[in-house]
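First the structure, in the form of structure tokens, and then the observations on it.
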Amino acid sequence: MGRESRAHDRMRPMPRKLILAGTEAERGIYVISFDKSVCTDLRAGLGREWLETNGLGGFASGTIAGANTRRYHGLLTAALHPPGRRMLLLSKLEETLVLGGHRIDLSTNEYAGAIHPEGYLLLTNFRLDPFPIWTFDVEGVRLEKAVFMPHGSNTVQVEYKLLQAPSPGTEAVLEVRPLVAFRDYHSTTHENGVFNRALEIAPNLVSLQPYAGLPRLYFAHDAAELHEQGYWFRNFLYRVEQERGLDFQEDLFNPFVLTWNLSDKQSATVIASAEQKDFRQAAAARKTELQRRHQLVASSPVDDPLVRALAVAADQYLVRRGEEWTVIAGYPWFTDWGRDTMISLPGLTLFTGRSGIAKSILRNFARHTDMGMLPNRFVDSGETAEFNSVDATLWFFEAARAYAAATNDFDFLRHELYPVFTQIIDFHIKGTRYNIKSEKDGLLNAGAPGVQLTWMDAKVGGWVVTPRSGKPVEIQALWYNALRIMEDLAARFEDEERRKQCSGLASLASEAFNCIFWNNDLRCLYDVVDDGWPDGSMRPNQIFAVSLHHSMLSAERARAVVETVERELLTPVGLRTLSPADPRYQGTYQGDQRSRDSAYHQGTVWPWLLGPFVSAYVKVNGGSEQSRSRANELLRGMEKHLTEAGLGQISEIFDGDAPHHPRGCFAQAWSVAEILRALCEDVYQLNSDDPA
């Protein structure tokens, strides 16, 4: 019996429902769809964002209303040195439909105090099926627009199709004006005199290279006519950047206009790319990408709409770094981070049939360890990686454990990872960067002035908002888990000396942990112990002392921790980072960068923490059907969110206060990964070590 069949039998008593309108289970496709009532509501349209990615770190994104609200929105952000050096080349296409000489703009833009044009009022439908697709109704004429990125190429393909023609005798002409930016994706473009306007024009192909050192941008097309333009469109306003206290206005350049007579040819295609393309490749590219998307749906480990949606979403974070793979932490602004990658790896790869990618990710990061530490972040411009993390390295052990359990590929661990792991353990025992060192009690100390080392890493200038120096609770849980994993591997590989070393150190750490971290008054764990002084802040970090594979807590204490965290921190969309009873609690995440960073881990809700909480909850309740049912209910709290912000995605964070507005990145890797993992592993009991 296969994995899916067994999972279905296990879950038969649990209530099941198709939870998102638009899901077309009979086609095996996950569809999100909005009708005219949503599309013509400007606030609703601007608040819902779509995302297309290319497996290289490049992406396209925008709003269903059509107006860009972030500097990161654009039709082609190319990863010139995958997955880094991202450049936003093409911001958008401005479309005008000309009916019998009457011009109707289909685009939507925002300027200071004005929305112009208002093409969103002509929208009758938007759907993700599987690409972003808009349907316009203009004086009885229906026009469909689709956008997608072919996998493995810094390319975006935009297609228009006439679904309902005008009345006989009325000519329908489509005009498309590209607006180009050519800038780093964190920046904005402004009108300047060094912009090279020169075009290279060939049949069905036009290109430009505004600045030396940046790639040439090619437009392959099947337009009937091309007319050079050369105009700057000024002062586009990006409302989300304005709210964030950042540069929120931009000028964009229009180099030419393409024209189709849709009365003669009822479709139009534009392929914008950093590589030279042929418009005749369009149909084949679409077919190939549709087949790939169908395979993603088929990779879902169970026939559940939420699991299926998250399995599809998972693909967008898996990207190339050289010959290997890595994980983009979030869109639209994160690159690949060691901590996020290791936490996300099981959910993104091991439950979606992509263990080969998991292996590549582990190999990739193993090759970049230094002084017993995993990189915290690969710098986007290619300089030396950053190592300011105490937990990324420890999550590496758990990711490898999960990989081995899923694949039984212990040869890979023995020959490629185990030597790296021994170096890591040795460095942590003798000491490495930032005073990271195992002390006499077996626990791991870490901390240096002005450096943020745990996942609560917000920093404003020289101010580390939550420094957590000393012995953070989750670091001890991860350290103990790593030691026990090493003990198991050493026994398997007949390394008796190493087995004894790790076993003894783990036992020593466990005894000290239970002695100094237990808060008997509140029946939970202290958040940090520094030089013997315990920090009693009510934070979610203690949940890892229960959820990780190896735990130092007794059953009684583990249950008490789960109950306390549930009572103080649980919300429908994740765990708060600080109890509302704490005077430092901030219930909303908004304002300028200082305001936002000061709230980032001071009450803000993180959905990824729902994964370890659910695992801990099921664990302390013995995996009973009742506990799995409750876990299912908790995770289903994310269903509605898939249609509220980043479509088909889960946001990075939410406000601590109800109604818990989504904030931060609209698509976050560990948010998707941990909800997916917990659904598969804890609700469906589809353990990663089950044979496929």
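The residues of the chain present an accessible area of 36 Å² per residue when probed at 1.4 Å with all protein chains retained.
Given the Cα-Cα distance of ALA298 and ARG197 and 0.36 nm per residue of separation, how much length would full extension add, in nm? List each step's numbers first, then the result.
Numbers: separation 101, 0.36 × 101 = 36.36 nm, distance 4.61 nm.
Net length gain for the segment: 31.7 nm.
With each label modelled as a point 7 angstrom along the Cα→C-beta vector, the LEU121-GLN291 pair spans 4.5 nm. Shape of region 630-671 from its Cα gyration tensor (a ≥ b ≥ c, root eigenvalues): rounded if a/c is under 1.5, otherwise prolate when a/b > b/c, or oblate? Cα axes put region 630-671 in the oblate bin. Annotation: aspartates and glutamates with alpha-carbon distance below 19 angstrom to LYS287 (same-chain offsets under eight excluded): GLU52, ASP129, GLU144, GLU159, ASP222, ASP278, ASP315. Label separation (GLU439 vs ASN520): 2.1 nm, computed from points 7 Å beyond Cα along the C-beta direction. Each residue was assigned an accessible area with a 1.4 Å probe, and for ASP457 the value is about 40 Å². Annotation for region 300-384: GluC sites (Glu not before Pro) lying in DSSP loop with at most 15 further Cβ atoms inside 10 Å of their Cβ are GLU323, GLU383.
With a ≥ b ≥ c the root eigenvalues of the C-alpha gyration tensor of region 543-692, is it rounded (a/c under 1.5), prolate (a/b larger than b/c) or oblate? In terms of gyration-tensor shape, oblate. Per-residue ellipticity at 222 nm, computed for the chain from helices alone with -39500 (n - 2.57) per DSSP H run of at least four residues, works out to -8500 deg cm²/dmol.
I need to check one value: relative contact order of region 145-187, counting alpha carbon pairs closer than 8 Å and at least 6 residues apart, in percent. Kindly include the intermediate steps, with their values, before the conclusion.
Values: 21 pairs, mean separation 10.1, N = 43.
About 24 percent, as a whole number.
Computed from point charges on the beta carbon alone (+1 for Lys and Arg, -1 for Asp and Glu), the dipole magnitude for the chain about its Cα centre is near 540 Debye. At a 1.4 Å probe, what is the % contribution of carbon and sulfur to the accessible area of the chain? Answer for the chain: carbon and sulfur cover 47 percent of the accessible area.
Could you sort PHE334, PHE148 by accessible area so the largest value comes first, with the probe set to 1.4 Å?
PHE334, PHE148
Please give every one of the lysines within straight-line cross-link reach of LYS500, meaning a C-alpha to C-alpha distance under 18 Å, and leave out same-chain neighbours fewer than 8 residues apart. Within the straight-line limit of under 18 Å, LYS500 reaches these lysines: LYS430, LYS440. Rounded to the nearest 10 Å², what accessible area does VAL194 show when all protein chains are kept and the probe is 1.4 Å? Its accessible surface works out to 110 Å², give or take rounding. Between region 517-546 and region 47-69, the C-alpha centres lie 41 angstrom from each other. Within the shell defined by Cβ-Cβ distances under 13 Å, the residues around ALA669 carry a net charge of -3, with Lys and Arg each +1 and Asp and Glu each -1. Separation of region 477-502 and region 261-325, taken as the distance between their Cα centroids, equals 43 angstrom. With all protein chains in place and ligands, DNA and RNA left out, the 1.4 Å accessible area ranks TRP260, TRP325 as TRP325, TRP260, largest first. Put LYS277, LYS161 in order of accessible area, highest first, and with a 1.4 Å probe you get LYS161, LYS277.
Straight-distance candidates among the lysines for linking to LYS640, with alpha-carbon spacing under 28 Å and chain neighbours fewer than 8 residues away dropped: LYS17, LYS36, LYS145, LYS619. In this simple spin-label model, placing a label point 7 Å from the Cα along the Cα-to-Cβ direction at both GLN626 and ARG103 gives a separation of 7.0 nm. Once you reduce region 409-474 and region 332-397 to the center of their Cα atoms, the two points are 14 Å from each other. Note on region 130-192: Rg/Rh from Cα positions, Kirkwood definition for Rh, rounded to two decimals, is 1.10. If you sort the three axes of the alpha carbon gyration tensor as a ≥ b ≥ c, you get a/c of 1.5 or more for the chain and a/b above b/c, which makes it prolate.
Sorting 111-119, 397-405 by average packing, meaning the other beta carbons within 10 Å per residue, from highest down gives 397-405, 111-119. Mean sequence separation of contacting Cα pairs (under 8 Å, at least six apart), scaled by the length of the chain, corresponds to a relative contact order of 12 percent. Subtracting the Cα-Cα distance of TRP232 and GLU556 from their residue separation scaled by 0.36 nm leaves 109.9 nm.
The values are calculated or read from the model by the stated rules, or taken from the named source; none is laboratory data. Here the structure is a predicted model, which is why all the values come from computation and not from measurement. Neighbour counts are summed over all protein chains in view; Cβ atoms, including those assigned to glycine, are modelled from backbone coordinates with ideal geometry. These area figures cover heavy atoms from the full protein model, side chains too; ligands, DNA and RNA do not enter into them. Shrake-Rupley method; radii C 1.70, N 1.55, O 1.52, S 1.80 Å.
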